[in-house]
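One structure is given below, encoded as structure tokens.
The values are calculated or read from the model by the stated rules, or taken from the named source; none is laboratory data. Nothing here was measured: the structure is a model prediction, and the numbers come from that model. With ideal geometry, Cβ positions are generated from the backbone for all residues, glycine too; neighbour counts draw on all protein chains shown.
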Ligand SMILES: *Cc1c(COP(=O)(O)O)cnc(C)c1O
């Protein structure tokens with residue numbers, strides 16, 4: 001499939017102050033769109049000026065939430081090249097989400113090509129400062145104008161881009177996390193492993209209540225026993241206990257993070273012991289009591305590595321590593337962002353030039 005390009009006649013000014021970019025607040029000049037119908041499959045791939053969409057008020061996504069999304073970044077290397085980090089993994093994962101949400105699959109290679117073509121057109125929007133990148137948001141949603149509950153026959157796939165800085169104002173400083181005992185995010189058999197807006201809609205109330213008592217995000221427990229650790233709001237989570245680095249195993253209700261996968265591969269390549277297994281919040285608290293819990297950190301594309309400085313579970317607070325970023329989080333952040341930014345040799349072949 002060809003990608004047609006219609007450039008904007010009124011390009012916007014690029015942000016001057018890259019320090020104040022924040023996350024996901026401004027958008028580039030263009031967007032990528034393609035449509036799906038049962039007769040044509042995915043068709044009419046095009047890059048057009050960024051702007052509002054016109055939708056029939058009855059489109060099914062607005063009523064029943066049949067939609068999936070992805071998140072990845074384009075980085076500027078010291079040589080001025082633009083590169084992506086494992087973009088094929090995002091497109092493989094969008095198909096995993098698609099399958100669960102009854103959305104037709106996309107062609108992984110074509111979509112990686114679409115991302116590259118789009119980023120190439122927006123390459124001047126990739127910011128230059130340390131810690132910044134062009135955040136890419138591919139998403140697919142159901143567009144049938146029909147109120148019956150049924151998988152849609154038509155869809156749109158869109159990619160938008162936002163020059164971004166740090167996800168958390170805290171940066172690589174430790175965040176405070178609320179261990180959620182009242183609300184649950186997902187259960188096995190549900191959509192927890194899919195990147196779909198509905199999971200986030202269900203999480204907002206817990207997130208809001210945690211923020212009200214000045215916690216940055218919530219740590220979800222399993223939806224059945226409220227005992228096993230699942231993940232943090234937008235991140236997978238790792239615990240360092242003795243010399244073991246533990247992350248909850250993927251069992252259906254946890255999002256299979258690409259940063260998680262990369263951190264596991266990276267740490268194992270350094271000879272460290274990484275275990276994917278069930279871990280209870282009780283085990284974490286006991287390890288802390290015994291002085292064995294040295295680090296807790298979250299992993300995700302937006303924040304990369306985010307150290308956790310405090311947990312609060314039913315009013316019981318623990319401070320981790322004296323509220324300092326621990327050595328494993330620090331080294332992993334340095335190494336992973338080094339590969340992403342082209343400052344450290346990519347011996348894993350994770351990056352792709354645009
Ligand atoms: C996207 C996401 C993650 C992190 O995945 P990455 O591929 O590492 O960015 C973790 N948890 C949830 C709920 C997510 O939506």
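Can you name every residue in segment 306-354 that is touching a residue at least 60 places away in the same chain (Cβ under 8 Å), surrounded by fewer than 18 Cβ atoms within 10 Å (Cβ to Cβ) and part of a loop (DSSP other than H, G, I, E, B)? Of everything in segment 306-354, those that are touching a residue at least 60 places away in the same chain (Cβ under 8 Å), surrounded by fewer than 18 Cβ atoms within 10 Å (Cβ to Cβ) and part of a loop (DSSP other than H, G, I, E, B) turn out to be 314, 324, 343, 348. Residues considered: 48, 68. Of these, the only one that is at pLDDT 95 or above, within 16 Å of the ligand (Cβ to nearest atom) and closer than 26 Å to residue 23 by Cβ is 68.
Is it fair to say residue 138 is touching a helix residue (DSSP H, G or I) at 6+ places or on another chain (Cβ under 7 Å), closer than 25 Å to residue 204 by Cβ and within 16 Å of the ligand (Cβ to nearest atom)? Yes: the conditions hold for residue 138. Please work out which one of (1) in contact (Cβ under 8 Å) with a residue 12 or more places away in the chain; (2) over 30 Å from residue 19 (Cβ atoms); (3) surrounded by fewer than 18 Cβ atoms within 10 Å (Cβ to Cβ); (4) touching a helix residue (DSSP H, G or I) at 6+ places or on another chain (Cβ under 6 Å) is the condition residue 105 fails and give its number. Going through (1) in contact (Cβ under 8 Å) with a residue 12 or more places away in the chain; (2) over 30 Å from residue 19 (Cβ atoms); (3) surrounded by fewer than 18 Cβ atoms within 10 Å (Cβ to Cβ); (4) touching a helix residue (DSSP H, G or I) at 6+ places or on another chain (Cβ under 6 Å) one by one, residue 105 breaks only (1).
Of all residues in segment 184-201, exactly one satisfies the criterion of being more than 14 Å from residue 98 (Cα to Cα), outside any loop (DSSP other than H, G, I, E, B) and more than 10 Å from the ligand (Cβ to nearest atom), namely 201.
Does residue 206 qualify as being without any contact (Cβ under 8 Å) to a residue 60 or more places away in the chain, over 19 Å from residue 283 (Cβ atoms), more than 10 Å from the ligand (Cβ to nearest atom) and surrounded by fewer than 19 Cβ atoms within 10 Å (Cβ to Cβ)?
Values: without any contact (Cβ under 8 Å) to a residue 60 or more places away in the chain: yes; over 19 Å from residue 283 (Cβ atoms): yes; more than 10 Å from the ligand (Cβ to nearest atom): yes; surrounded by fewer than 19 Cβ atoms within 10 Å (Cβ to Cβ): no.
For residue 206, the condition - without any contact (Cβ under 8 Å) to a residue 60 or more places away in the chain, over 19 Å from residue 283 (Cβ atoms), more than 10 Å from the ligand (Cβ to nearest atom) and surrounded by fewer than 19 Cβ atoms within 10 Å (Cβ to Cβ) - is not met.
Which count do you get for residues in segment 229-250 that are within 14 Å of the ligand (Cβ to nearest atom), more than 23 Å from residue 85 (Cα to Cα) and either part of a loop (DSSP other than H, G, I, E, B) or not assigned by TED's automatic domain parsing to the domain that holds residue 286 (or both)? Number of matching residues: 1.
Scanning segment 106-117 for residues that are assigned to a loop (DSSP other than H, G, I, E, B) and over 20 Å from the mean Cα position of the chain (by Cα) yields one hit, 107.
Taking the residues in segment 291-305 that are in contact (Cβ under 8 Å) with a residue 40 or more places away in the chain and out of contact with any helix residue (DSSP H, G or I) (no Cβ under 8 Å at 6 or more places or on another chain) as candidates, determine which candidate is farthest from the ligand (Cβ to nearest atom). Here the answer is 292.
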